[in-house]
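Novice: Let me begin by handing over the structure; questions about it come next.
No lab work stands behind these numbers, since they all come straight from the coordinates. The shown structure was predicted, so the numbers you read here are calculated from the model rather than taken from an experiment. Here Cβ is always computed from backbone atoms with ideal geometry, including for glycine, and neighbour counts include all displayed protein chains.
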Amino acid sequence: MIRIDNARVWTGGGLQQLSIAVHGEKIAALIQPEDAQGFHADEVVHAGGLWILPGGIDLHTHISEADETFQRGTSCAASGGITTVFDMAPFHACITVDQLEQKTAEVEANSVIDVGLIGGIVIENSDLDHMDELAEAGTSFFKIFQPAEPPVSTETIWKAVQTAAHTGMRLVLHAEDPSFLLPLGNPNDPLSFPHSRPAVAETSMVAQVIDMARAAGAPIHICHISTGRTAELVAWGKAHGVAVTCETTPHYLLLDESDFEVYGARVKTTPPLRLKKDCQELWQALEGGIIDAIISDHYTESSAPLPMGAEFIPDAPAGIAGLEVSLPLIMHEVLQGKLSLQRFVEATATTPAKLAGISMLKGSILPGMDADLAFWDPEASWHVAPAVEFSRIHTTPFAGKTLDGSITRTWVRGKQVWDGRKIQVAPGYGRRVKTL
């Protein structure tokens, strides 16, 4: 038995001065301070008054493609207070149970935290042939990527929505209608890329799929929303009984299209950054509960820093690495008063666990739950800079920032995975998590 003393623990909707008893992989008890000494423990960990929050659950990462690996990617996540990630495989790479089992073996040989696997990516009707089997194998989500090349047909999207309805798996959607995309303009104009992928490409696709989900009674999830109008559409769906949820990223909350002039290729992602007005509206939607989850959309095609000039944007890959900093970036805003701590916990842990069907194990600090814990020092300020061999920080636009609130330890299933300096477990400690 391990007892963690002198911590401010998030439970019951607030921070409470408590001790946490951990037995094996599980939280055994939450103990009032006056009772802690009477609770026998083989090891006592002194938290020093730190906040202990539920470990982060990132529903949207791209670890099994490009230059990322499960060992490096999950190490980055652990250093950022994330204890479970969901990986989106490349096209056609997780559409059968055999592929799911192969990827499970890869996860469980290399990961240092727990990993969920997302089915898909669906771009044609045949990709849906085995979704019933994937659902039975404990897969929580499957994905459509629009705009694929060639574009996903309306018929396939409708069949996917119907598949979500009858399997109970939540359909996740990258929403950009290719009909609205434009040729890239002047390559030396830093705004040429965002203007080639206008906001209406996202909002029109979201409106269509929400209406499909309403007709079919299907659960759907809109990936990385970038516009305030998309949040309005999701709010409308929720108000009309549609099982629609959505997510956004730190870069859509903290950056806008003018940052292309500053960071160039480092902020190239799809959908692109929008207007400052959209950032403000997304913050409001996050605090108001319209946005359900904060995710990283972590992707890296190279460990080398991207050049920052506008002329490099056309040839740069689209994607931002974010697992190390996604939660600290938002915690900084919490400590500045821009977002409540309650919404932070809900959007980074509690609600993602519910959407993934794992809330009986993860997302809360309660007896019987996995001991997935993030130790936060709200008084510490730190400089965002690469410090360890797996770091991806120097590829992001946030390198060099000073943030308030730091992760000092990360525990996964009762074991310390990150001690604030290095990874403490061997690759293979992580497991694949399944819908319960």
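Novice: Name the residues whose placed amide hydrogens come within less than 5 Å of the amide hydrogen of residue 175, ignoring near sequence neighbours (fewer than 5 apart) on the same chain.
Specialist: Under 5 Å from the amide H of residue 175: 223.
Novice: Be a star and scan region 14-31 for residues whose amide nitrogen sits under 17 Å from the point 7 Å along the Cα-to-Cβ vector of residue 436.
Specialist: What the label zone holds, given the 17 Å backbone N cut-off, is 23-30.
Novice: Quick check on my link table: of 103/276; 362/422; 103/415; 26/422, which ones sit more than 32 Å apart, alpha carbon to alpha carbon?
Specialist: In this structure, 103/276 lie more than 32 Å apart at Cα.
Novice: So which aspartates and glutamates can residue 159 reach, going by Cα to Cα under 19 Å and dropping same-chain residues fewer than 8 places off?
Specialist: 124, 127, 129, 132, 133, 136, 149, 176, 177, 211
Novice: May I pose another question? Against the longest principal axis of the chain, how steep is helix 154-167, in degrees 0 to 90 to the nearest 10, with axes from Cα atoms?
Specialist: Value to nearest ten degrees: 30.
Novice: Given a cut-off of 21 Å, name the pairs among 143/354; 238/277; 238/354; 268/434 whose C-alpha atoms lie farther apart than that in the structure shown.
Specialist: Among 143/354; 238/277; 238/354; 268/434, the Cα-Cα distance tops 21 Å for 238/277; 268/434.
Novice: List every residue whose amide H lies under 5 Å from the amide H of residue 122, counting only residues 5 or more places away in sequence or on a different chain, with H placed 1.01 Å from N in the peptide plane.
Specialist: Counting only residues 5 or more places away or on other chains, the set is 143, 144, 145.
Novice: Select from 64, 7, 248 the residue farthest towards the positive end of the dipole of the chain; place +1 on Cβ of Lys and Arg, -1 on Cβ of Asp and Glu, and compute about the Cα centre.
Specialist: About the Cα centre, the residue reaching furthest to the positive side is 7.
Novice: In whole Hz, what ³J(HN,Hα) sequence does region 88-96 give by Karplus (6.51, -1.76, 1.60; θ = phi - 60°), x for Gly and Pro?
Specialist: The phi angles translate into 9, 6, x, 3, 6, 9, 8, 10, 9 Hz.
Novice: Arrange the peptides 58-64, 358-364 so that the one whose residues have, on average, the most other Cβ atoms within 10 Å appears first.
Specialist: Final packing ranking: 58-64, 358-364.
Novice: Which label marks the calculated value of Cα Rg over 2.2 N^0.38 Å, given the options (i) 0.94; (ii) 1.00; (iii) 1.28?
Specialist: Here Cα Rg over 2.2 N^0.38 Å agrees with entry (i).
Novice: 5 Å is the cut-off here: which amide hydrogens, built 1.01 Å from N in the peptide plane, fall below it relative to residue 139, excluding neighbours closer than 5 in sequence?
Specialist: 435
Novice: Which value in nm describes the separation of the simple spin-label points at residue 382 and residue 188, placed 7 Å from the Cα toward the beta carbon?
Specialist: Inter-label distance under the simple model: 4.2 nm.
Novice: What order, most packed first, do the peptides 200-207, 68-75 have when packing is the mean number of other Cβ atoms within 10 Å of each residue?
Specialist: Those peptides, ordered most packed to least, come out 68-75, 200-207.
Novice: Nearest 0.05, what FRET efficiency do residue 158 and residue 276 give at R0 = 41 Å with Cβ-Cβ as r?
Specialist: The pair residue 158/residue 276 has a calculated efficiency of 0.70.
Novice: Now a separate question. Which of 315, 42, 297 ends up with the largest GNM mean-square fluctuation for the chain, with Cα atoms connected below 10 Å?
Specialist: Checking each option, the largest mean-square fluctuation is seen for 42.
Novice: Using θ = phi - 60° and the Karplus curve 6.51 cos²θ - 1.76 cosθ + 1.60, what whole-Hz ³J(HN,Hα) does each residue of region 283-296 get, with Gly and Pro shown as x?
Specialist: After applying 6.51 cos²θ - 1.76 cosθ + 1.60, I find 4, 5, 5, 5, 5, x, x, 6, 7, 8, 8, 9, 10, 8 Hz.
Novice: Quick one: 3J(HN,Hα) in Hz for region 405-421, Karplus 6.51/-1.76/1.60 with θ = phi - 60°, rounded, Gly and Pro as x.
Specialist: Result, ordered by residue: x, 10, 7, 9, 8, 9, 10, 10, 6, x, 10, 6, 9, 10, 9, x, 10 Hz.
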